[in-house]
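Visitor: Pasting in a structure now, in structure tokens, and then I'll have a few things to ask.
The values are calculated or read from the model by the stated rules, or taken from the named source; none is laboratory data. No experiment lies behind these values; they were computed from the predicted model shown. Because the Cβ atoms are built from the backbone with ideal geometry, glycine has one as well, and the counts that use them run over all protein chains shown. Accessible surface areas use protein heavy atoms only, side chains included; no ligands, DNA or RNA. Shrake-Rupley method; radii C 1.70, N 1.55, O 1.52, S 1.80 Å.
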Amino acid sequence: MNPTIRLAEIAHARSGDKGSHANIGVIAYTPAGFEFLGQYLTEMRMAQYLLPLKPRLVQRFAMPGILAYNFLVLDVLAGGASRSLRTDSQGKVLSTAVLEMPIPVPHNLDAMRPPVGSEQKKNAR
Amino acid sequence: MARKTIRIGNGAGFWGDNLDAPVALAEASPLDYLTLEYLAELTLSILAHLKARDPAAGYVSDFALILPRLARVLAVQPQLKIVTNAGGMNPIACARAAARILAAQGLDGISIAAVAGDDLAPHLAAHQAAGEMFANLDTGQALSDLGAPLASANAYLGGGGIATALAQGARVVITGRVADASLTVGPAVYEFGWNWTDHKRLAAATVAGHLIECGAQVSGGMFSGWTDALPLADVGYPIAELTDDGGVVITKPARTGGAVTVPTVAEQLIYEIGDPTHYLTPDLDADFSQVQLSQIGADRVAVTGAAGGPAPPRYKVSAAWRDGFLGAATLVLCGDHAEHKARAAADLIFARLRRAGAMPRRTHVECLGTGDTLPGVWPRTGDAREVVLRIAAHDTACETIERFLREFSPLVGSGPPGVTGYTGPRPKPYPVFAYWPSSIARERVVPEVFVHAARDWLAGAPADHASTGVTP
């Protein structure tokens, strides 16, 4: 089995609800990480990871200026904030779970980690 | 009229947010505008429910709770204005309540605006007769197929009514349903005299409004990079600094907790959006896809690259219908086989309900502590020594949910061993308002703006003499 790391090593994320849909924004720490996400973190991979929650469709949108991909996950909240019986009816913890997704170790992992001591320089390109 | 920079702080991100934050924000740093955002997708249905029982209710009560303290800030900061959607289903009643509070503090000359016109319910039949179908934007289902009346239907208005109110001298602007970002766009358009077709600048104000609308979520709250080193007890609520040319800087007051960094702002930029090339508001069709962030100082992030085009031809409508009742309750199971005992306890509850002929239509069991918030996604933890059993249920009949909630406390004495955690008052059923997103042609909706001094609101100033806040 190939060695894996958690997505959290190269990206951070936030999620929330839009009606009965959820969105999950995954933000790379570096341009190299953004390039890796573009190839690896496809709509299909996100859908597979969330399959137990029965999403109807996953759409991915690029936000290159902040090194991010936004995933719109349709009908994943079992009715949404108003009707869902789940504790997490608003999809708030989806991003926390997605950051635990195992990913193959990229060959240039060091170029994808948050810059040491200064996350704030992350978008200096 | 236009100044070089205006500073807009947001002191509330939702109804129920920290009551001390608005005053702390306004006192910590001189603002031109304090915005307070209270309305989530379903808040209006709850407010409609309250207004049906009391015609003087239907606005966000948190605002009335904090206004006495904000009044003292208004008294000593003559530049400060407040813009809030606390009006909910009843901006007029909220304006009168605000007038009462301000007058009691000697501020009876302050000009208060109510921005209404978003409530479509009173004329729904006329809109339908004119060809509006109110089809569900998500499912395509026609309203006529729903078979239930709408509990509320409100158009998302833009910033036009707010700008009109400010131009008429209002210092406190109270709206119903306006788009969250429009609480920032309205003041910017008024202050800078922007044209409503200046999409580049409107987009800049829209992205600023989007970033601050959820309060501390942009300044360190909810941040994935959280550690103990990020102080949040005194988290600073956000400020957007806007310039005439569309410049935007997000910051927070000095000597407060939290952080405003590129990563914290990036997370909020992407929060609850869909296609970033079409962030639709009543003010414009904004494009956030090429937005860039840069750290230009401590807790200062510049936001550039927002673009946009003409507003969509139709207003989005937030509607909801009554869909029965919901209830949820918890028990704690401890010791060996805690999860197994919890699931057995749930089965006991269901068996007793079936025997009584009172099984709710929908139920959902979670053993919290085993990965059940996202079952199948979180890795299973099979050997928890204690789990929280949470069961939620939904039914058309309130009595069925009441009966369901009564089945929890008997488990303490007639269930498996190791049951605890049932000491507080019994949870109550609450009504479900199911979301019905829809749209309506802009020309069918007329924003109404009522501006009066506090003393005139109290003297019963007519609420039938409105200016229109129409955005072209």
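Visitor: I'd like the Karplus ³J(HN,Hα) series for the stretch B:125-137: coefficients 6.51, -1.76, 1.60, θ = phi - 60°, whole numbers in Hz, and an x wherever there's a Gly or Pro.
Guide: 4, 5, 4, 5, 5, 8, x, 6, 8, 6, 5, 5, 4
Visitor: Based only on Cα atoms, what mean projected area does the convex hull of the stretch B:255-328 have, in nm²?
Guide: Taking the Cα atoms of the stretch B:255-328, their convex hull projects to 8.8 nm² on average.
Visitor: So what's the stretch B:58-172 giving for Rg/Rh, alpha carbon basis, Kirkwood Rh from the mean inverse pair distance?
Guide: That ratio is 1.10, to two decimals.
Visitor: Suppose every Lys and Arg Cβ carries +1 and every Asp and Glu Cβ carries -1, with no other charges. What dipole size does the protein assembly as shown come out with about its Cα centre, to the nearest 20 debye?
Guide: Here the protein assembly as shown has a charge dipole of around 740 debye.
Visitor: Moving to a separate point now. Among B:G193, B:V207, B:G159, pick out the residue whose Cα is farthest towards the positive end of the charge dipole of the stretch B:118-210, where Lys and Arg carry +1 and Asp and Glu carry -1 on C-beta, about the Cα centre.
Guide: Positive-end residue among those listed: B:G193.
Visitor: Tell me the net charge near A:G16. Cut-off is 9 Å between Cβ atoms, A:G16 excluded, with +1 for each Lys or Arg and -1 for each Asp or Glu.
Guide: Local net charge: +1.
Visitor: To the nearest 20 debye, what charge dipole does the stretch A:4-107 have about its Cα centre, counting +1 at the Cβ of each Lys and Arg and -1 at the Cβ of each Asp and Glu?
Guide: It comes to approximately 300 debye.
Visitor: Where does the charge balance sit around B:T277 when Lys and Arg score +1, Asp and Glu -1, over other residues with C-beta under 12 Å from its C-beta?
Guide: Cβ neighbours under 12 Å give a net charge of -3.
Visitor: Now for a separate question. Mean 1/r over all different Cα pairs, inverted: what Kirkwood radius does the stretch B:140-216 give, in Å?
Guide: This gives a value of 14.1 Å.
Visitor: Report the dimensions of the stretch A:4-107 along its three principal axes from the alpha-carbon atoms, largest first, rounded to Å.
Guide: Computed over the Cα atoms, the extents are 44, 28, 19 Å.
Visitor: Please quote Rg/Rh for the stretch B:56-116 to two decimal places, taking the Kirkwood radius as Rh and restricting both calculations to Cα atoms.
Guide: For the stretch B:56-116, the value is 0.94.
Visitor: Using only Cα atoms, what is the ratio of the radius of gyration of the stretch B:264-375 to 2.2 N^0.38 Å?
Guide: 1.83
Visitor: First compute the accessible area of the protein assembly as shown with a 1.4 Å probe, then give the percent of it belonging to carbon and sulfur atoms.
Guide: 54 percent
Visitor: Given A:K92/B:K341; A:K18/A:K54; A:K92/B:K200; B:K81/B:K316, which pairs have Cα atoms separated by over 20 Å?
Guide: Flagged as over cut-off: A:K92/B:K341; A:K92/B:K200; B:K81/B:K316.
Visitor: Between B:R100 and B:L19, what is the spin-label point distance in nm, taking each point 7 Å from the Cα along the Cα→C-beta axis?
Guide: It works out to 1.7 nm between the two label points.
Visitor: For B:T370, enumerate residues with amide H under 5 Å from its amide H, sequence gap 5+ or separate chain, H modeled in the peptide plane.
Guide: Amide H neighbours of B:T370, under 5 Å, 5+ apart: none.
Visitor: For the protein assembly as shown, state the semi-axes of the equivalent ellipsoid (square roots of 5 times the eigenvalues of the alpha-carbon gyration tensor), sorted largest first and rounded to whole angstrom.
Guide: Square roots of five times the eigenvalues give 38, 32, 23 Å.
Visitor: Near B:L411, within a Cβ-to-Cβ distance under 14 Å, what is the net charge of the other residues, with Lys and Arg +1 and Asp and Glu -1?
Guide: That sum, taken over residues with Cβ under 14 Å, equals +4.
Visitor: Within the stretch A:83-117, report the trypsin sites (Lys or Arg not before Pro) that DSSP leaves as loop and that have at most 16 other Cβ atoms within 10 Å.
Guide: Passing both the DSSP loop test and the Cβ count: A:K92.
Visitor: Quick one: Kirkwood hydrodynamic radius for the stretch B:319-434, alpha-carbon pairs, angstrom, one decimal?
Guide: Here the Kirkwood hydrodynamic radius works out to 14.7 Å.
Visitor: Let me ask something additional. Starting from the amide H of B:K81, placed 1.01 Å from N in the peptide plane, find each other amide H under 5 Å away whose residue is 5 or more places distant or on another chain.
Guide: When sequence neighbours closer than 5 places are left aside, the close amide H contacts are B:Y33, B:L34.
Visitor: Could you rank B:D180, B:D383 by how accessible they are, 1.4 Å probe, largest area first?
Guide: Greatest to least solvent exposure: B:D383, B:D180.
Visitor: Here's a follow-up. Treating only the Cβ of Lys, Arg, Asp and Glu as charged (+1, +1, -1, -1), what charge dipole size does the stretch B:319-434 show about its Cα centre? Round to the nearest 20 debye.
Guide: Approximately 320 debye in magnitude.
Visitor: Another question, if that's okay. I'd like the FRET efficiency for A:T42 and B:T5, computed as 1/(1 + (r/R0)^6) with the beta carbon distance as r and R0 of 60 Å, rounded to 0.05.
Guide: 0.90
Visitor: Among A:Y69, A:Y29, A:Y40, whose mean-square fluctuation peaks in a Gaussian network model of chain A (Cα, cutoff 10 Å)?
Guide: A:Y40
Visitor: Two-decimal Rg/Rh of chain B from alpha-carbon positions, Kirkwood Rh?
Guide: 1.01
Visitor: OK, next. At 20 angstrom or more along the helix axis (alpha-carbon based) and mean Kyte-Doolittle of -0.5 or higher, what helices does chain B contain? Whole DSSP H runs only.
Guide: Helix filter hits for chain B: B:61-76, B:338-355.
Visitor: Given the stretch B:232-278 reduced to its alpha-carbon atoms as identical point scatterers, what log10 I(q)/I(0) does the Debye formula return at q = 0.33 Å⁻¹?
Guide: After summing over all Cα pairs, the log10 values are -1.14.
Visitor: Amide H to amide H under 5 Å from B:G324: which residues, 5+ apart in sequence or cross-chain, H placed 1.01 Å off N in plane?
Guide: For B:G324, the qualifying residues are B:V432.
Visitor: Let me ask something else. How many Å³ per residue does the convex hull of the Cα positions in the stretch B:1-136 occupy?
Guide: 152 Å³
Visitor: Of the trypsin sites (Lys or Arg not before Pro) in the stretch B:379-462, which ones lie in a loop per DSSP and count no more than 10 other C-beta atoms within 10 Å?
Guide: The qualifying sites: there are none.
Visitor: Sticking with this structure for a sec: Taking the Cα centre of the stretch B:319-434 as the origin and placing charges on Cβ (Lys, Arg +1; Asp, Glu -1), which of B:Y430, B:L374, B:G418 is farthest toward the positive end of the dipole?
Guide: Of B:Y430, B:L374, B:G418, it is B:Y430.
Visitor: Provide the per residue accessible area, probe 1.4 Å, for chain B, rounded to a whole number of square angstrom.
Guide: Accessible surface, normalised per residue, equals 39 Å².
Visitor: So for the stretch B:102-152, considering every pair of alpha-carbon atoms, how many percent are separated by more than 19 Å?
Guide: Looking at the stretch B:102-152, the distances longer than 19 Å represent 49 percent of pairs.
Visitor: For the stretch B:23-45 and the stretch B:328-380, what is the centre-to-centre distance using only Cα atoms, to the nearest Å?
Guide: Measuring centre to centre over Cα atoms gives 39 Å.
Visitor: Now for a separate question. Calculated FRET efficiency, B:A167 and B:T423, Cβ-Cβ r, R0 51 Å, to nearest 0.05?
Guide: Taking R0 as 51 Å, the efficiency between B:A167 and B:T423 is 0.35.
Visitor: Where in the stretch B:145-170 does the label zone of B:Q128 land, with the point 7 angstrom along Cα→C-beta and an amide N cut-off under 20 Å?
Guide: Output list for this probe position: B:145-156.
Visitor: Still on this model: Mind grabbing the interface size between B and A? I mean buried accessible area, both sides, 1.4 Å probe, in Å² to the nearest hundred.
Guide: That pair hides around 4000 Å² of surface in total.
Visitor: Which one of B:S45, B:W15, B:P30 is farthest out on the positive end of the charge dipole of the stretch B:1-54, using unit charges on Cβ (Lys, Arg +1; Asp, Glu -1) and the Cα centre as origin?
Guide: B:P30
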